[in-house]
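J.: Before I ask anything, let me first share the structure, which is written out below as structure tokens.
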Number of protein chains: 2
Amino acid sequence: MSSFKAIGIVVALFASSVSAQTFQRLGTCPTLGCILPPDQADFLAGQYFDIRLEVHAPKNGSEAIGLLPDEKFTFTIAKGDGAPKLVTEFLGVQESKLENWTFDWYEDLFAKDLKTPSIVDVRSKAYRRIALYEPGEYTATLNYNNGSSTKATWLVRDLVEERKAKNIILFIGDGMTTNMITAARLIGHKSINGKYQSKMQMDKFPVLGHQMTHSIDSFITDSANSASALYTGHKSTVNCLGVYADSSKSPFDDPKVETIAEIFHRLTGGHVGIVSTAFLADATPAGLTAHTRARSEYGAVVDSYLNGITNYTWTKWGGPDVLFGGGAEQFYSPALGGVTYQNKTYYDEFAKKGYRVLQNRTSLLAAPNNERALGVFSVSNMAKWLDRNVYRDNLNQSLSPAGDKKPALDQPGLKDMTLKAIDILSSRSGDKGWFLMSEAASIDKMMHVLDYDRALGELLELDDTIKAAVQKLNETDCLKETLVLVTADHGHGFDVMGSVDTRYLAAQNVDRKKRNAIGTYQNSGLSQYQNTGNLTYTDSNFPKNWDPRYTLFQGLMADPDHRENWSVHKDGPRKPAAELVNGSSDYYATSEDGKGGLLLNGTLPVNNDQGVHSLTDVPVFAMGPCQEKFGGVYNSVDIFFGMAECFGLARGTPPKKE
Amino acid sequence: MSSFKAIGIVVALFASSVSAQTFQRLGTCPTLGCILPPDQADFLAGQYFDIRLEVHAPKNGSEAIGLLPDEKFTFTIAKGDGAPKLVTEFLGVQESKLENWTFDWYEDLFAKDLKTPSIVDVRSKAYRRIALYEPGEYTATLNYNNGSSTKATWLVRDLVEERKAKNIILFIGDGMTTNMITAARLIGHKSINGKYQSKMQMDKFPVLGHQMTHSIDSFITDSANSASALYTGHKSTVNCLGVYADSSKSPFDDPKVETIAEIFHRLTGGHVGIVSTAFLADATPAGLTAHTRARSEYGAVVDSYLNGITNYTWTKWGGPDVLFGGGAEQFYSPALGGVTYQNKTYYDEFAKKGYRVLQNRTSLLAAPNNERALGVFSVSNMAKWLDRNVYRDNLNQSLSPAGDKKPALDQPGLKDMTLKAIDILSSRSGDKGWFLMSEAASIDKMMHVLDYDRALGELLELDDTIKAAVQKLNETDCLKETLVLVTADHGHGFDVMGSVDTRYLAAQNVDRKKRNAIGTYQNSGLSQYQNTGNLTYTDSNFPKNWDPRYTLFQGLMADPDHRENWSVHKDGPRKPAAELVNGSSDYYATSEDGKGGLLLNGTLPVNNDQGVHSLTDVPVFAMGPCQEKFGGVYNSVDIFFGMAECFGLARGTPPKKE
């Protein structure tokens, strides 16, 4: 016994010396025994989830302790101060079979340079589709290596079964920060002597909150993991959709957690709508129905919209009423170049299940409100507001959803899609109510490529969409029974620091002189995006001139090498850096981008051709039933619990049948 | 008549062609007739202010129209739909005498390079210390040039005379953004699997708001102008303290607006405290009593703390109960090198008026609570939390407040000063209540010099101060009658985008390879500021290790040339750039700063040796009576109106005597 005790101490020492950072053996598992969901997980009463247990036996590297992998580990759960019971007894489930695999990882960048991975032998079990119904604290314990143990405290949050909202709209401005909202307001709204003459719709919301976006095992998140946190109440790992990341190779066997869309549909029969300006298999829409370790499993994501999860027993899912966005390449026939799940043509799959398939704005607006609808309006991400409304020639850069290689010239915007989604959901859901997620995806995508004008255009379009949605709900007397939330999934380190005299900048020949074109403090002056120019749109509150002489001195701190002239990119979305040698993954500024501008050395690793996400808390704007739950500062997962509570989705007892 | 009409049109054309930006003739005056307070100004009923009228006659440049300056301009005010009356009649004031001056400005950067200023001849009048008592809209009209006119709409906000809070504490984190709070939380609070184990005190506040910080005539503000907006309800111009900027040469004749401290003291006899970690003549504390176009008039600022405004009739002011901070050079004798107003020794001036003068932490803590106190604890800005608590040798870089050139080794922190201020104010104010402004000034100062660690240390100290203040107020049962506000005056474009393996970075010889030390997304990993190290402090919730191997990949987008190694600066506050030739105002990165780091070309004009402020809305945290007024998104000036309303300071009728 004493020798094992000593080993325990050695393990602890090594564990702290391998201070998991750039690379991690398994993010949620600093010891050699892993429980998923891990310590600190919160659950909605009755929410389905899977359990994954792993025992790690490192074969080499700083954690190697010369032990064979333990195949006799045991797992117990205790409620409150109660006695721990074996998982099979506690949950009344069958014992599951032992799995084994190995994986490798690098302990740090030096090990990576030396190509010396650490190899880990794993023994594992999983228990699928279980739920906890009684609120309170649970202690889950994994006993392994004859005396070592890993404990996880789980909390089932208090029951609130009363439903307060009939409907919820969750608007997500992907990557949207307070800094960007401030900049968008500056270019989209007129100000006189420091007083704005019109307000953003977001600014009119009665309740403001901040949510913390970090991942479970890294402080910067991606959109998959952050969407999952918003939809499931469980933070996870970068690239994960609706699962905790295990260490196995398969992207489809990781332990799942049920999403707000799944629970709402399962318990109430409520209707679901999904709208995004991204390709539809992208992370933010995908997180509502997909469960995979790898957000890049696009085909499977699209299948999950229609069929739910098919490789394990899981929530029954009949498909959303509305699915609108881009990404036709996961829908059209492989014969046309489509890259689809099991080589199916998903236009046909959806049509077979009664969906009306829409491929342009005209048919979207004309579609009946009493039928389910799949709207796919372009290959890849949809065209940006700026290209649909100002630099319209750039629509020729987009591809039609039919897979015919023609341009997609008749694309709807987020507002068109969202208003139609509300019409269909309202028409079809009756008393059951609906849940709609509407995503302005390209705020993020345009920030990634440093195309600030397009990003702010998308943000203003999001605000215009929210305004129109609120107006529609108000006119149909549905506003008082609908919770409207506007938030983001993470930020980019963006801000505006002054103005740029682009005429002066272009007239200088030396970079150090070009920098004198920048006006800070009093020399930032006033926004010229409203005061000059004569662009007019059906929609109000957009710039009247996107190309004034004095532009915004704006940017990111984390970026690739690039040339910056702080002017609108008229020829379509920006490509700030390129490889000198194709395939080299070594990116440099090009002379085609940011002409006449200043050469800026990037800060990111040189294999980045675009910017990255940032840490900052992001804003939450709330209006409607339960709005008071969304004030102050909280964890991103609290958005899920707030919505679930407002829908009354907690359940203190198991369902009678399913 | 027709010729004047034609001229009017020409003026309008020229006015729009001079699209005031990098430089402006006069920010609030796009036409040739100027009214201050300008169009869109809001007033508290009964708030004192001055009126300044100017008629501009450009002698050359694009606005020159060959007219002599009009000396016969008239000025009328109308209430609502009422008939306009001459100002003397409307306000019952004496006609004031005509003033005249000229000034020059550059129309753009090309004109500046060519040294071709535009010269403007001015005729002007001012009316001093007036007030409007009746709520509603007023139209002020300046008639000039025989037919031209400038109109300003003024709004006196609705009367709320009922007092709801006995006390108000306004905490200002200078330059503090949501992004910085997120970063400070990451290094100061322990997190397990995505759940923080402790909360920032700010995060616990029940109400969250965002305020817009822009200046009246530029979208980026400085701390003078933004402090004035918070304290007076009037946005103004960069460098202005409690005045609108006119075009005259004197920094002391600009039209004033009364501050929250002045109104509160005048109307209720309430007591005032001022605490800052900056030099006391700095903008944020100064804005409470100073009224000048030039924040750099440090001597006059310090005199205003004690004597109020002395060059014009203004609010009677008896001095604050508490004035704590740095900046001894404006207090000690000119014989010792002090730079003081009228060469007085302000330690003596304050002592003469009954202030106990304190010069170190020991005497601060021992001071009686029933006496007014002046505490000046260092020359210039006070030492930073990191140098007072971790790298204590750097205290030798500071200078004692006695003017004896010795180091100031016994300096208090913001918490010591704030808690003592509350003790004194509570003890002395009786039923009258008190107003305290407490500023964490060096969040801003350290962000300016890219010293992120010190900035975040100051932010954590602010949070620790708020926590201690709330606890003290709670213990003395004063919390429920005290409105506690935490906000900032502007931002810096700061964020965190990942982590840096500083050991790997230092081991690489080439900048492009050093960039591989940066970990983004999943490779950002977890904060090591809590997990390693063994630093302990009396105060909790600070990093346990400021110098971990894996640091934050953090920074600003707008900066001077500098070398970045993303490591703590152990030798005292950072100096990121230096001149190659002294006095050249052409700054480059030095090899002494950021050793082993990556060379980053700045983006700011090369005469900047530090970063600049940014546009972003900043957060407002509110707790206590009237907290609900501070939710949502609003203009910075609304903070003044919220505080004034909570104190019940609006007055519908003139005071009987004064």
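J.: Tell me the relative contact order for segment B:2-156 as a rounded percent, counting alpha carbon contacts under 8 Å between residues six or more apart.
T.: 33 percent
J.: With Cβ to Cβ distances under 13 Å as the rule, what net charge do the other residues near B:Leu170 carry (K, R +1; D, E -1)?
T.: Net charge in that neighbourhood comes out at -3.
J.: While we're looking at this one, here's another question. Write down the radius of gyration of segment A:2-156 and its Dmax, each obtained from C-alpha positions, in Å.
T.: Calculated on Cα positions, Rg and Dmax stand at 16.4, 51 Å.
J.: For A:Val620, what residues show an amide H to amide H distance below 5 Å, using hydrogens built from the backbone and excluding near sequence neighbours?
T.: Distant-sequence amide H within range of A:Val620: A:Gly209, A:His210, A:Gln211.
J.: What relative contact order, as a whole-number percentage, does chain B give when Cα pairs under 8 Å and 6 or more residues apart are counted?
T.: 18 percent
J.: Sort out for me the Cα centre separation of segment A:449-500 from segment B:56-127, rounded to whole Å.
T.: One Cα centre to the other: 42 Å.
J.: Something else now. What's the magnitude of the charge dipole for segment A:142-252 around its Cα centre, counting Lys and Arg as +1 and Asp and Glu as -1 at the beta-carbon? Answer in Debye, nearest 20.
T.: The dipole of segment A:142-252 has a size of about 520 debye.
J.: In addition: Using modelled backbone amide H atoms (1.01 Å from N, in-plane), which distant-in-sequence or interchain residues come within less than 5 Å of A:Ile309's amide H?
T.: Amide H neighbours of A:Ile309, under 5 Å, 5+ apart: none.
J.: Could you tell me the number of lysine pairs in segment B:2-156 with C-alpha atoms less than 30 Å from each other, where the two lysines are 8 or more residues apart or belong to different chains?
T.: 26
J.: 7 Å along Cα→Cβ for the label point: how many nanometres lie between A:Tyr312 and each equivalent label in the other copies, listed shortest first?
T.: Label-point distances to the other copies, shortest first: 7.3 nm.
J.: OK, next. For segment B:495-600, what is the Kirkwood estimate of the hydrodynamic radius, computed as the reciprocal of the mean inverse distance between distinct Cα atoms, to one decimal in Å?
T.: About 15.1 Å, per the Kirkwood formula over Cα pairs.
J.: Quick one: label points 7 angstrom along Cα→Cβ at A:Lys97, distances to the other copies in nm, smallest first?
T.: With the label placed 7 Å along Cα→Cβ, A:Lys97 yields 10.3 nm.
J.: Hey, can you grab everything whose amide H is under 5 Å from the amide H of A:Arg372? Only 5+ residues off in sequence or another chain; H modelled, so Pro and N-termini drop out.
T.: A:Arg356
J.: Related question: From Cα pairs below 8 angstrom and at least 6 apart in sequence, can you work out the relative contact order of segment B:488-555, rounded to a whole percent?
T.: It rounds to 41 percent for segment B:488-555.
J.: Here is a follow-up. Could you give, in nm with one decimal, how far B:Pro135 is from each other copy of that position, shortest first, with labels 7 Å out from Cα toward Cβ?
T.: Distances to the matching label points in the other copies: 4.2 nm.
J.: Let me confirm one metric for peptide B:428-437, namely the mean number of other chain beta-carbon atoms within 10 Å of its residues' beta-carbons.
T.: Average neighbour count from other chains, rounded to a whole number: 0.
J.: Now for a separate question. Specify the angular offset, from 0 to 90 degrees and rounded to the nearest 10, of the alpha carbon long axis of helix A:178-188 from the longest principal axis of the alpha carbons in chain A.
T.: It is inclined by approximately 20 degrees.
J.: Under the definition of partner shielding as Cβ atoms of other protein chains within 10 Å of a residue Cβ, what is the mean value for peptide A:29-38?
T.: 1
J.: Where the only charges are on Cβ atoms (+1 Lys, Arg; -1 Asp, Glu), what is the dipole of segment A:513-603 about its Cα centre, to the nearest 20 debye? Kindly include the intermediate steps, with their values, before the conclusion.
T.: Details: 10 positive and 10 negative charges, 93 e Å.
Result for segment A:513-603 is approximately 440 debye, rounded to the nearest 20.
J.: Add +1 for every Lys or Arg and -1 for every Asp or Glu among the other residues with Cβ under 11 Å from the Cβ of A:Gly493, and state the total.
T.: -3
J.: What percent antiparallel are the DSSP beta bridges of the protein assembly as shown, to the nearest 5?
T.: Here the share of antiparallel DSSP bridges comes out near 65 percent.
J.: Could you list A:Ser198, B:Ser215, B:Ser148 so that the one with the fewest beta carbons within 10 Å of its beta carbon is first and the one with the most is last?
T.: On the way: A:Ser198 13, B:Ser215 31, B:Ser148 21.
Result, fewest neighbours first: A:Ser198, B:Ser148, B:Ser215.
J.: Sticking with this structure for a sec: Over chain B, what per residue volume does the convex hull of the Cα atoms give, in whole Å³?
T.: Here the figure is 169 Å³ per residue.
J.: Per residue of chain B, what 222 nm ellipticity follows from adding -39500 (n - 2.57) for every DSSP H run with n ≥ 4, rounded to the nearest 500?
T.: Taking each H run of at least 4 residues, the total per residue is -6500 deg cm²/dmol.
J.: Evaluate the protein assembly as shown: find the radius of gyration of its Cα atoms, find its Kirkwood radius, and give the ratio Rg to Rh. The partial results should precede the final answer.
T.: Values: Rg = 31.7 Å, Rh = 32.6 Å.
Expressed as Rg/Rh, it is 0.97.
J.: Can you give me the convex hull volume of the Cα atoms of segment B:558-658, divided per residue and expressed in Å³? Intermediate results must be reported in sequence, preceding the final value.
T.: On the way: hull volume 24.7 nm³, N = 101.
Normalising the Cα hull of segment B:558-658 by residue number yields 244 Å³.
J.: Right, something else. In whole Å, how far is the Cα centre of segment B:605-639 from that of segment A:395-409?
T.: 45 Å
J.: Ok, one more. Take A:Tyr355, A:Tyr231 and order them by how many other Cβ atoms sit within 10 Å, fewest up front.
T.: Least crowded to most crowded, the residues run A:Tyr355, A:Tyr231.
J.: For each cysteine in the protein assembly as shown, check whether another cysteine's C-beta sits under 4.7 Å from its C-beta; list those where none does.
T.: A:Cys240, A:Cys478, B:Cys240, B:Cys478, each lacking another Cys Cβ under 4.7 Å.
J.: Compute, for segment B:2-156, the length of the dipole vector about the Cα centre, with Cβ point charges of +1 (Lys, Arg) and -1 (Asp, Glu) only. Units Debye, rounded to 20. Let's see the in-between values first.
T.: Numbers: 15 positive and 18 negative charges, 50 e Å.
Dipole about the Cα centre, nearest 20: 240 debye.
We did not get these values from a lab; they are worked out from the coordinates using the rules stated. Please read all numbers here as calculations on a predicted model, not as lab measurements. All Cβ positions, glycine included, derive from the backbone under ideal geometry; neighbour counts span all protein chains shown.
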